[in-house]
Amino acid sequence: MRFRETFSDWDDVTAPRVMWETCSRKILTMQYIEGFNVDEKEKYEELGLDKEAIAERVAEVVARSIFKEGHLHADPHPANIFVEPTDEGKGWRLQWLDHGLYQNLTQDFIDNYAMLWTGIGTAQENLVKKACENLNVRKPEILSNILMSKSLFIPHVSGTDMTLGLLEVMGEIPKEMVLVLKCNALLKSIQRELDIPETYDRIIMREAIKHHNNVTAKQAQSNPAHSVSSSPWYQIGRWVPAFA
């Protein structure tokens, strides 16, 4: 399974093994895993597990899938991300389930999605507008509000304008973006259930800005006359030094 192979270098992220000897054309048999859905808040308290660390790892899985692998598990609802207690309950491992819906991402999409998050995270409206133009989105204020569930630097959008704008945006965005936005919404719902807001946004911003800085650095190497400075990464509520 590609997901198991991709994350084989992370000890705390995997997927159940397929038991090929008991599979057929109509039956898929997988390894039995004991654990709980990632949004079951009471289980963290019962077992003494760090919900913030686990939520961060979930976000890091998605960020790596988007910006490094270009192959995204597009249905990460809570029942598809299982927390498996390990070391007699002292540790944990994430088991990602239901691998029937994936989205392959083109390099152009990845670069523009990284530019979009970089613009939002560093309050550079020009980057947001450029990324949206490249993604065929004519209302950057709507898309940025969809991603962040709030307006950071683009004027506030009213409820009516948001509804109408959402319908327009969903009709013009690339197919890749549809499932990425679905993934974005599902993970935000998980962090809300766990009472740890903005974890996903912070991780995605960090990795998006790293990717965008790498892209601009490569462009500068190939065309020194068109050098572009890198962006600092933004953590919700405060500025921090550039993330290498």
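Bear in mind these aren't lab numbers, they're just calculated from the coordinates by the rules spelled out. In this text, all values refer to a predicted model and were calculated from it rather than measured experimentally. Note that each Cβ is placed from the backbone with ideal geometry, even for glycine, and that neighbours are counted across all protein chains shown.
On a 30 Å Cα-Cα criterion, which of the cross-link pairs Lys130/Lys210; Lys90/Lys182; Lys43/Lys188; Lys51/Lys218 come out too long?
Cα-Cα > 30 Å for Lys90/Lys182; Lys51/Lys218; rest within.
Taking the Cα centre of region 9-55 as the origin and placing charges on Cβ (Lys, Arg +1; Asp, Glu -1), which of Phe36, Thr22, Ala55 is farthest toward the positive end of the dipole?
Positive-end residue among those listed: Thr22.
Quote to one decimal, in nm, the extra length available between Ser189 and Lys130 on full extension: 0.36 nm per residue of separation minus the C-alpha distance between them.
Going from the current span to full extension adds 18.4 nm.
Would you calculate the separation in nanometres between label points at Asp98 and Ala217, each defined as 7 Å from the Cα along the Cα-to-beta-carbon direction?
3.8
Show me, bin by bin at 10 Å from 0, the whole-percent P(r) of region 1-60 based on Cα pairs.
18, 39, 30, 12, 0
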